[in-house]
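Notes for the one structure printed next.
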Amino acid sequence: MPKKLLQNWRISILVKYNVRLYKRAFEDLDSIYHYIAYDKSSPENAKGQIDRIKKAILDLDLLPQSHQERSYGRYADKGYRQLLIDNYIVIFKIDETKKIVWVVTIQYHGRNL
C-alpha cells in the first residue's frame, strides 16, 4: 500500500463524529422504555434494552459509514443509513462536512419506515 494512501486511511479511522439525536429519536427511546417497562411489566429489561441502544448509538462516533445504507421504506435511497440493535433499527444520516451523525428515529424492526 502506498505510504500516502496508508496515512489517509489511518487518519480516516481516527476521525470522530459528534452523535446527535433529533427530538423524535429521544421520544422513540422514551416510548420503547415505556412499552417494555409498563406494558410488558419489565422495567429491568427496559433499562437493559435502552442501555444497549444508547451504547450502539454512541458507538456511531467512529466509522458510521460502515453501516448499511437504507434501501427500503420512507428513508430509502436518500442517504440514510441504518443500525440494527436487537429488534430495533436506528435510522441516521451523516453530515460529512460538520462530522455529525444525526439519529433520526429508532423503531421496532417490524415497522415499515
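The values are calculated or read from the model by the stated rules, or taken from the named source; none is laboratory data. Keep in mind it's a predicted model, so treat the numbers as computed, not measured. Here Cβ is always computed from backbone atoms with ideal geometry, including for glycine, and neighbour counts include all displayed protein chains.
So in the range 42-70, with the set limited to residues that are part of a helix (DSSP H, G or I) and among the charged types (D, E, K, R), which one is farthest from residue 93 (Cα to Cα)? Break it down stepwise before answering.
Within the range 42-70, the subset part of a helix (DSSP H, G or I) is 43-61, 64-66.
Among the residues that remain, those that are also among the charged types (D, E, K, R) are: 44, 47, 51-52, 54-55, 59, 61.
Numbers: 44: 31, 47: 26, 51: 21, 52: 20, 54: 17, 55: 18, 59: 14, 61: 12 Å.
So, considering only residues that are part of a helix (DSSP H, G or I) and among the charged types (D, E, K, R), the one farthest from residue 93 (Cα to Cα) is 44.
Would you tally the residues in the range 77-94 being surrounded by 13 or more Cβ atoms within 10 Å (Cβ to Cβ) and either more than 15 Å from residue 106 (Cα to Cα) or not hydroxyl-bearing (Ser, Thr, Tyr) (or both)?
Our first condition is that a residue be surrounded by 13 or more Cβ atoms within 10 Å (Cβ to Cβ); within the range 77-94, this holds for 80-83, 85, 88-94.
From what is left, the residues that are either more than 15 Å from residue 106 (Cα to Cα) or not hydroxyl-bearing (Ser, Thr, Tyr) (or both) are 81-83, 85, 89-94.
Here the count works out to 10.
Cβ-Cβ under 8 Å, sequence separation 6+ or interchain: first residue in the range 20-34 and touching a residue at least 40 places away in the same chain (Cβ under 8 Å), partner among the small types (Gly, Ala, Ser) and surrounded by 15 or more Cβ atoms within 10 Å (Cβ to Cβ). Which pairs?
Note: pairs meeting the criteria are 32/46.
Would you pick out the residues in the range 85-96 that are over 19 Å from residue 33 (Cβ atoms) and modelled with pLDDT of 95 or more? It would help to see each step written out before you state the result.
Initially, the range 85-96 is screened for residues over 19 Å from residue 33 (Cβ atoms), giving 92-96.
Hits for the range 85-96 are 92, 93, 94, 95.
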